[in-house]
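Contents: one structure, followed by commentary.
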Amino acid sequence: MENCIFCKIIAREIPGHIVYEDEHVLAFLDISQTTEGHTLIIPKKHRVDVFEMDAPKMEQVFAVVPKIATALKKTFNCRGINMVNNNGEAAGQTVFHYHVHLIPRYEKDQFGMRFVNNMQDYDTEDLAALKVRIKTNL
Ligand code: 5GP
Ligand code: ZN
């Protein structure tokens, strides 16, 4: 897709440090290197976000995840990895070509990646009502 920075990396129109490629998927270093080894995994066919993905496309992307995660662990001896995927501006997505972040975590990492806990605002009835609403749309 025109003007998509990740499509340009796929097409070799701009440089990317590609660590893995197959017919459907590309993995390359994130320019920001949030932590050392920060890698992105993307489908080669332009899809904006999870809402444009289907099960086979997801399978292709996620089939590569254990391979790259294991290589990162071996390479950097990281203690853990955050797997992050932002969908939509409201969720923090800034590049609108679907991607999964693999962010190695080291003992001395200082940045936080924790979810806010609002459990005090939801009793069992509230959760049951949410469940019903979601299931209606499945
Ligand atoms: P998002 O915020 O959409 O989840 O993540 C987009 C990521 O793409 C960011 O972590 C950002 O550093 C990375 N990024 C943006 N432009 C480029 C680029 O030109 N090359 C590479 N390798 N990564 C990029
Ligand atoms: Zn693209």
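Brief remarks follow.
- Test set (1) within 26 Å of Phe115 (Cα to Cα); (2) open to solvent by 40 Å² or more (accessible area, probe 1.4 Å); (3) part of a loop (DSSP other than H, G, I, E, B) - Gln93 fails condition number: (2)
- Exclusive hit being within 11 Å of ligand 1 (Cβ to nearest atom), of a type in the set (S, T, N, Q) and not in a strand (DSSP E or B), set Thr75, Thr34: Thr34
- Among residues of region 11-29, those that are touching a Phe, Trp or Tyr at 6+ places or on another chain (Cβ under 9 Å), touching a residue at least 24 places away in the same chain (Cβ under 8 Å) and buried (at least 19 other Cβ atoms within 10 Å of the Cβ), counted: 1
- Among (1) surrounded by 17 or more Cβ atoms within 10 Å (Cβ to Cβ); (2) farther than 16 Å from Leu102 by Cα, the one test that Ile68 misses: (2)
- Selection count, region 13-66, where residues are away from ligand 2 (no atom under 16 Å from the Cβ), of a type in the set (Asp, Glu) and closer than 22 Å to Asn77 by Cα: 1
- Complete set of residues in region 77-121 that are within 16 Å of ligand 2 (Cβ to nearest atom) and touching a Gly at 6+ places or on another chain (Cβ under 6 Å): Asn86
- Scanning region 111-129 for residues that are part of a loop (DSSP other than H, G, I, E, B) and over 18 Å from Asp30 (Cβ atoms) turns up Gly112, Arg114, Phe115, Val116, Asn117, Asn118, Tyr122, Asp123.
- In region 1-35, the residue that is farthest from Met58 (Cα to Cα) out of those that are among the acidic types (Asp, Glu) and modelled with pLDDT of 95 or more is Glu13.
- Of all residues in region 30-54, those that are crowded, with 20+ Cβ neighbours inside 10 Å and free of Cβ contacts under 8 Å to residues at least 40 places away in the same chain total 0.
- Within region 7-31, tally of residues that are part of a loop (DSSP other than H, G, I, E, B) and near ligand 1 (Cβ under 10 Å from one of its atoms): 6
- Number of the condition not met by Met83 [criteria: (1) assigned to a helix (DSSP H, G or I); (2) within 27 Å of His46 (Cβ to Cβ)]: (1)
The values are calculated or read from the model by the stated rules, or taken from the named source; none is laboratory data. In this text, all values refer to a predicted model and were calculated from it rather than measured experimentally. Cβ: placed from backbone, ideal geometry, glycine included. Neighbour counts: every protein chain shown. Protein only, heavy atoms only, side chains kept; ligands, DNA and RNA dropped before computing areas. Shrake-Rupley method; radii C 1.70, N 1.55, O 1.52, S 1.80 Å.
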